[in-house]
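Enquirer: What follows is a structure written as structure tokens; I'll ask about it next.
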Amino acid sequence: MTRSTTITINGSSTPIADDQIFLATRDQVPDKIQTYAVLVNDRLWPPIQLITLATGIPGTSGSVNNYNSHTALKALDELGFDTLERVEYNILGRVDVRESRKRA
């Protein structure tokens, strides 16, 4: 069953569905995780990259602030994706996900 929500972009509510996220990530490679991550199809993605791929609208970039990581995380969490805060890297350079960092 498809889940949907809205995300505020440029002051307007933009509908988004989990199917859009799944389709948008097809044949794509996740960017490097900085601070926040979202688990989609067993891969960790930056939240802004996911919303950008799904909507075609870039997030925070230079002087443009269409939406930020927190806005993207909230929408993705509402869509049922596992969202992670403050990810860390282990000695091998891989993202180390601790259960305590999962958003409730």
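A short reminder: the numbers here are calculations on the coordinates, not readings from a lab. The model shown is predicted, which means the values in this text are computed figures rather than measured ones. Quick reminder, even Gly has a Cβ in these numbers, built from the backbone with ideal geometry, and neighbours come from all protein chains shown.
Enquirer: Step by step: first the residues of segment 38-60, then only those that are assigned to a strand (DSSP E or B) and in contact with a helix residue (DSSP H, G or I) (Cβ under 9 Å, 6 or more places away or on another chain), then the one that is farthest from LEU76 (Cα to Cα). Which residue is that?
Expert: Among residues in segment 38-60 that are assigned to a strand (DSSP E or B) and in contact with a helix residue (DSSP H, G or I) (Cβ under 9 Å, 6 or more places away or on another chain), the one farthest from LEU76 (Cα to Cα) is THR60.
Enquirer: Let me ask you something else. Filter segment 68-82 for residues that are within 16 Å of GLN34 (Cβ to Cβ), buried (at least 22 other Cβ atoms within 10 Å of the Cβ) and not small (Gly, Ala, Ser) and give the result.
Expert: LEU73, LEU76
Enquirer: How many residues does segment 1-32 hold that are of a type in the set (Asp, Glu) and either outside any loop (DSSP other than H, G, I, E, B) or surrounded by 13 or more Cβ atoms within 10 Å (Cβ to Cβ) (or both)?
Expert: Adding up the residues that qualify gives 2.
Enquirer: Continuing with the same structure: Of the conditions (1) more than 10 Å from the chain's Cα centre (by Cα); (2) in a helix (DSSP H, G or I), THR35 fails just one. Which one is it?
Expert: Result: THR35 fails condition (2) only.
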